[in-house]
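Structure, as structure tokens:
Taken together, the values in this text are just the output of simple stated rules run on the coordinates, not laboratory data. Every value quoted in this text rests on a predicted model; they were computed, and no experiment measured them. Quick reminder, even Gly has a Cβ in these numbers, built from the backbone with ideal geometry, and neighbours come from all protein chains shown.
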Amino acid sequence: MVTTKIRVAAWAMLIAQGGIILSGGIVRLTGSGLGCTDWPKCTPDSLVTTPEMGIHGLIEFGNRTLAVALAILGVIILLLLWKSRKQRPDLFWLNLGLLAIVPVQAIVGGITVWTKLNPWVVAGHFVPSAIAVGVAAYFVRRTYDTGVRTGDKAPSPLPALGWIILALTAIVVLFGVLTTGAGPHSGSTMSTRNGLDNVWITRAHAFPVWLLIIATITSLVIARKKHNVMVKPLIVLLIIELAQGLIGYIQYFTGVPIVLVAFHMIGLSATIAASVAVLDSAYPRSTHANTDHAVPVVR
Ligand code: HEM
């Protein structure tokens, strides 16, 4: 039985995962990447930031504090799910997986500081968070059903298109991270860039966005024709893609102003979550506890 508390907590987890991506972005965009010069302590002598570290120290330490808040949220959800862990092992394990990403990210974050924000390490620091947003979106969706597959599937080729949409989203995100690594916002004046050609890597990032939009529109047309439940998540995804694409082009042609990049970072989490929702909607789950023909799903 999924209580409202669990559902709200799942949404809080999704928002917090997106929030940590945004806060990491703010660290980078404000040049606060080495605001704490050390890890796990902020400075060799202090666990927390000190007045001498100034605003950059506050911003970088704020990001570290958010990671702790995320872990606390994960533990709270674990406690909320404890009683129902036998009925809903899927929710329990999904949350545990999200919780496990936090220490991994903390360590990669530490390596990021130790390597003076090496752009490849920064990219590696971003990827687990992007995955966590996807898992958190899946987690939220599971709180609206029993987790048990109805045995139905969206009509062909919609499930395949759902997988293509998710794969294209992953490609766009990966090339986005490389675009950032080639761009001006390194996070510190002491850091190097990845050496990729800025124009070409941005093109490589934007091209699959067009494929993603085409795949989404194609899916939407088919889903509408077949009156399938995928219509709604597809419309949401398309709106997000168009807004995110527009922000992407404007920020590119205006020299990546930090406010627009920050919006682009909110949009990327929204794109990942919406892509997961689209694919998930191709495999409906029962909303009633005892469904005939229900097929338990282990993923
Ligand atoms: C669905 C659409 C899109 C998604 C999901 C997306 C996602 C991303 C991601 C994940 C990053 C890396 C963020 C980081 O490392 O902090 C990024 C950066 C970037 N994106 Fe996109 N993007 C999209 C569309 C576009 C488009 C159409 C353009 C147009 C050229 C664009 C231009 C850029 C630029 C210039 C950066 C680097 C920003 C910087 O230097 O800080 N994006 N994007």
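When a/c is below 1.5 the answer is rounded, else prolate if a/b is larger than b/c, else oblate, so apply that to region 115-159 with a ≥ b ≥ c taken from the square roots of the Cα gyration tensor eigenvalues.
oblate
Would you grab the residues whose amide H sits under 5 Å from the one on ARG285? Only those 5+ places off in sequence or on another chain, please, with H modelled 1.01 Å from N.
THR150
Is the C-alpha gyration tensor of the chain telling us rounded, prolate or oblate? Criteria: a/c under 1.5 is rounded; beyond that, a/b larger than b/c is prolate, otherwise oblate.
oblate
So for the pair TYR144, TRP11, with labels modelled 7 Å out along Cα→Cβ, what separation do we get in nm?
Calculated label separation equals 1.1 nm.
Which whole-number percent of Cα pairs in region 153-283 have a distance greater than 17 Å?
Counting pairs separated by more than 17 Å, the tail of P(r) holds 57 percent.
For region 113-140 and region 189-215, what is the separation of their C-alpha centers, rounded to whole Å?
17
Any idea what the relative contact order of region 153-283 is, in percent, if you count C-alpha pairs under 8 Å spaced at least 6 apart?
Relative contact order here is 35 percent.
Assuming 0.36 nm per residue, please report the length gained on full extension of the stretch THR50 to MET1 beyond their Cα-Cα distance.
Taking THR50 through MET1 to full extension adds about 13.0 nm, to one decimal.
For region 23-150, go through all pairs of different Cα atoms, get the mean of 1/r, take its inverse, and jot down that Kirkwood value in Å.
About 16.0 Å, per the Kirkwood formula over Cα pairs.
Please go through the residue pairs LYS153/LYS225; LYS5/LYS153; LYS83/LYS232; LYS86/LYS232; LYS5/LYS86 and name each one whose alpha carbons sit more than 23 Å apart in this structure.
LYS5/LYS153; LYS83/LYS232; LYS86/LYS232
Please work out the FRET efficiency for the pair ALA243 and GLN87, using the Cβ-Cβ distance as r and a Förster radius of 41 Å; give the result to the nearest 0.05.
Plugging the Cβ-Cβ distance into 1/(1 + (r/R0)^6) gives 0.60.
Kindly provide the helix-only [θ] at 222 nm of the chain, computed as the sum of -39,500 (n - 2.57) over DSSP H runs of four or more divided by all residues, to the nearest 500 deg cm²/dmol?
Taken over the chain, the calculation gives -24500 deg cm²/dmol.
Evaluate the relative contact order of the chain (contact order divided by residue number), counting alpha-carbon pairs under 8 angstrom at least 6 apart; express in whole percent.
Dividing the mean separation by the residue count of the chain yields 25 percent.
With everything on Cα atoms, drop me the angle between helix 158-182 and the longest principal axis of the chain, reported from 0 to 90° to the nearest 10.
0
Specify the residue with the greatest mean-square fluctuation among SER286, SER129, SER269, computed from a Gaussian network of the chain linking alpha-carbon atoms under 10 Å apart.
SER286
Hey, what angle do you get for helix 89-114 against the long axis of the chain, alpha-carbon based, 0 to 90 degrees rounded to 10?
On a 0 to 90 degree scale, this one is about 20.
If we sort 26-36, 239-249, 46-56 on the protection proxy, mean other Cβ atoms within 10 Å, highest first, what's the order?
26-36, 239-249, 46-56
Step through the residues of region 237-245 one at a time and calculate ³J(HN,Hα) from phi using the Karplus curve (6.51 cos²θ - 1.76 cosθ + 1.60, θ = phi - 60°), rounding each to whole Hz and writing x for Gly and Pro.
4, 4, 4, 5, 4, 5, 5, 5, x
Subtracting the Cα-Cα distance from 0.36 nm times the residue separation, let me have the gained length for TYR283 to LEU78 in nm, one decimal.
71.2 nm
Testing the spin-label approximation: label points 7 Å from Cα along Cα→Cβ at TRP39 and ASP197. State their distance in nm.
If labels sit at TRP39 and ASP197, their model points lie 3.2 nm apart.
Pop the C-beta distance of MET190 and VAL104 into the FRET formula with R0 = 22 Å and round what comes out to the nearest 0.05.
FRET efficiency, MET190 to VAL104: 0.30.
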